[in-house]
1. Starting from the Cα gyration tensor of region 56-117, take the square roots of the eigenvalues, sort them a ≥ b ≥ c, and report rounded, prolate or oblate (rounded when a/c is under 1.5, otherwise prolate if a/b is larger than b/c, else oblate).
2. List every DSSP H helix in the chain whose Cα atoms extend 30 Å or more along the helix's own long axis and whose mean Kyte-Doolittle hydropathy is at least -1.0.
3. Among 45, 117, 77, flag the residue with its Cα farthest along the positive direction of the charge dipole of the chain, charges on Cβ as +1 for Lys/Arg and -1 for Asp/Glu.
4. Ignoring everything except DSSP H segments at least 4 long, calculate the 222 nm mean residue ellipticity for the chain; use -39,500 (n - 2.57) per segment, divide by total residues, nearest 500.
5. Top mean-square fluctuation among 99, 43, 24, Gaussian network model of the chain, C-alpha springs under 10 Å?
6. Given 0.36 nm per residue, what is the gain on full extension from residue 14 to residue 35 after removing their alpha carbon distance, in nm?
7. So for the chain, averaging the separation of alpha carbon pairs under 8 Å that are six or more residues apart and normalising by length, what relative contact order in percent results?
8. Return the carbon/sulfur percentage of the accessible area of the chain, one whole number, probe 1.4 Å, all protein chains in place.
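The values are calculated or read from the model by the stated rules, or taken from the named source; none is laboratory data. Note that the structure is predicted; figures quoted are calculated from it, not measured. Note that each Cβ is placed from the backbone with ideal geometry, even for glycine, and that neighbours are counted across all protein chains shown. Just so you know, the surface numbers come from the protein's heavy atoms only, side chains and all, with ligands and any DNA or RNA stripped out. Shrake-Rupley method; radii C 1.70, N 1.55, O 1.52, S 1.80 Å.
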Amino acid sequence: MSPALVRKSVRWWRALGPPPGATVAEARFYNVALVGTPIAGLVHVSLLLLFAGLGVWPMVGFNIGSVFAWCGIAVACRAGALRFGLAFGVVEVIAHAVVATRALGWESGFHLFPLTVAIILL
């Protein structure tokens with residue numbers, strides 16, 4: 001990917017402001033989603049590669065789904081469905097923690113994943 005294409009994509013991503021009529025809280029969430037959804041997608045791509053390298057195939061499949069889920073969340077937030085995006089994002093983070101803990105065991109620490117995400121958001 002060329003640097004010019006990356007810059008153009010970032011400008012496009014940031015071009016639209018919050019949906020018309022959004023409250024202050026909704027505008028704040030929209031801005032968090034604008035930054036957070038690409039980061040979440042990249043985290044899940046990284047986890048996908050990590051789990052593929054470790055041969056943990058249930059988590060590879062889950063992270064493929066997570067990448068698509070975060071793309072959908074980004075589109076929903078851009079379209080103004082902020083509450084749906086927030087709810088779906090929370091469900092994905094909790095489901096990721098449950099599935100990863102089940103696949104890798106309690107010792108993996110993935111049960112702390114939702115807490116980590118909450119701390120980062122605050």
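1. Working: a/c = 3.77, a/b = 1.84, b/c = 2.05.
Verdict is oblate for region 56-117.
2. On the way: long enough: 24-54 (44 Å, 1.50); 57-78 (32 Å, 1.19); 82-104 (32 Å, 1.49).
Qualifying helices, which must be both long enough and hydrophobic enough, are 24-54, 57-78, 82-104.
3. Value computed over the given set: 77.
4. Numbers: 5 runs with 98 residues, N = 122.
Calculated mean residue ellipticity at 222 nm is -27500 deg cm²/dmol.
5. Sorting by GNM fluctuation, first place goes to 24.
6. Numbers: separation 21, 0.36 × 21 = 7.56 nm, distance 0.91 nm.
Residue separation times 0.36 nm, minus the Cα-Cα distance, leaves 6.6 nm.
7. Numbers: 92 pairs, mean separation 24.6, N = 122.
Normalised by residue count, the contact order of the chain is 20 percent.
8. Working: 5930 of 7890 Å².
Within the chain, the accessible surface is 75 percent carbon and sulfur.
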